[in-house]
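Asker: Sharing a structure, written as structure tokens. Questions coming.
None of the figures in this text is laboratory data; all of them are computed from the coordinates on show. Computed from a predicted structure; not experimentally measured. Cβ atoms come from the backbone with ideal geometry, glycine included; neighbour counts cover every protein chain shown.
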Amino acid sequence: MLLFPPAACPRLIVKIGSALLVAPDGSVRRAWLEGIAADIAARAQAGQQVAVVSSGAIALGARRLGLPKGGRASLEDAQAAAATGQIALSQVWAEVLGAEGLTAAQMLVTLDDLEDRRRYLNASATLDRLLGLGVVPILNENDSVATEEIRFGDNDRLAARVAQAAGAAGVILLSDIDGLYDRNPALLGAVHIARVERIDAGIEAMADRGSASGMGSGGMVSKIAAARIANAAGAHLAIASGRIDRPLSAEARHTLFVAEKSAPARKAWLAGGITARGTIHVDAGAATALAAGKSLLAAGATRVEGDFARGDLIVIAAPDGRPLARGLSEYPSDDAARIAGTRSDEHAALLGYTPRSTLVHRSHMALL
């Protein structure tokens, strides 16, 4: 059966890694890319709207500029390579899609574009309009201006956030591997995992941090992180091999991460947030209350980490350090630390002002 058929998935996000699009010598694998364009055209003809998150700009630019280590020797090299390679990348996409009668559009985004709520909504509206017009958006991180502190770092998580912004039901991560294995697939006896109903510590332990090609920035760890984001937004995510011709029409082995019931849009955005400003650790009682849909009270907090302001996105962590939820803090970090572990009737004296009722209100929180 076709992965994410149009009838069941009106909108689909496809992520393509650098090693699939760019050959080791830095040239575009054009024949393979033409097959992808044909697959997208077939899906579009069947009524599916497709957006592509395409890596490859740095690898293409590095070849043209003669930069060492694929353009990743330094941040400055990566930025220069991205600026040069993005022109070539957008041109080849326009050509191969144009040959299939499709129009391509380029969208370059930074982490802040999808982490800031207002900018996220603007990006979402642009995606919605382009897809509604039958255009194929080609997205990439704007590596020419991104820095280590304000970047996704891999296009796997970017694809998941784009799926959320576009309201897509499915995400396909085309990679140099055909899915998740219970250990490094190079090891004897490695077993392929076809379906993941829930991402837990056992699934995360299976991830191998390497990128087989050495060309990209993601590995299995980033793909599982992407699956968490996509699933939180109600989108299923598949990891599939792109090492075959026409991978979007082939019935090949893959790993499917199954989404739970879709969260409301704002909570899905919170759950998918990447740039949390701090962490509030809680005790077992508070962890149980959060799971039951309660707000986080100061009495259940045990420790505060980070430097954050009121309204910043923070992580709420269990006693063992495992992330339980993400939410918007009702207090700056200094004040949150002052009242952590105390009763509500003590807060006014500790803070010197009339306190708020919660550290993080359930309306501004998303469980992970």
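Asker: Please list the three semi-axes, largest first and in whole Å, of the ellipsoid equivalent to the chain, using sqrt of 5 times the eigenvalues of its alpha carbon gyration tensor.
Answerer: After diagonalising the Cα gyration tensor, the semi-axes are 39, 22, 20 Å.
Asker: How far, in degrees from 0 to 90, does helix 75-98 lean away from the longest principal axis of the Cα atoms of the chain, to the nearest 10?
Answerer: For 75-98 against the chain, the angle is about 60 degrees.
Asker: Still on this model: Angle check, please: helix 155-166 long axis (alpha carbons) against the longest principal axis of the chain (alpha carbons), in degrees 0 to 90, nearest 10.
Answerer: 80 degrees
Asker: What percentage of all Cα-Cα pairs in segment 78-120 are separated by more than 17 Å?
Answerer: 50 percent
Asker: A further question follows. Could you derive backbone 3J(HN,Hα) for segment 351-362 from the dihedral phi with the Karplus parameters 6.51, -1.76 and 1.60 (θ = phi - 60°), listing whole Hz in sequence and x where the residue is Gly or Pro?
Answerer: 9, x, 8, 5, x, 8, 6, 9, 7, 9, 7, 4
Asker: Same structure again: Starting from the amide H of L324, placed 1.01 Å from N in the peptide plane, find each other amide H under 5 Å away whose residue is 5 or more places distant or on another chain.
Answerer: Placed amide hydrogens put I316, A317, A318 under 5 Å from L324.
Asker: From the phi of every residue in segment 340-350, what ³J(HN,Hα) in whole Hz does the Karplus formula 6.51 cos²θ - 1.76 cosθ + 1.60 yield, where θ is phi - 60° and glycine or proline is x?
Answerer: Here the 3J(HN,Hα) series is 4, x, 10, 7, 4, 6, 9, 5, 4, 5, 6 Hz.
Asker: For the chain, what does the helix formula give at 222 nm: sum of -39500 (n - 2.57) over DSSP H segments with n ≥ 4, over the residue count, nearest 500 deg cm²/dmol?
Answerer: Helix contribution divided over all residues of the chain: -10500 deg cm²/dmol.
Asker: Going by alpha carbons, how many degrees (0 to 90, nearest 10) lie between the helix axis of 30-45 and the longest principal axis of the chain?
Answerer: Once rounded, one gets 70 degrees.
Asker: So what are the ³J(HN,Hα) numbers for segment 58-64, from phi and the Karplus equation (6.51, -1.76, 1.60; θ = phi - 60°), rounded to whole Hz, Gly and Pro as x?
Answerer: The phi angles translate into 5, 5, 5, x, 4, 5, 5 Hz.
Asker: Something else: Modelling each spin label as a point 7 Å along the Cα-to-Cβ direction, I'd like the H361/I193 distance in nm, to one decimal.
Answerer: Reported label-point gap for H361 and I193 is 3.7 nm.
Asker: Here is a follow-up. Which value in nm describes the separation of the simple spin-label points at A205 and A99, placed 7 Å from the Cα toward the beta carbon?
Answerer: 4.8 nm
Asker: Moving to a separate point now. Return the distance in nm (one decimal) between the two label points of a simple spin-label model at R119 and S344, each offset 7 Å from Cα along Cα→Cβ.
Answerer: Here the modelled spin labels are 3.7 nm apart.
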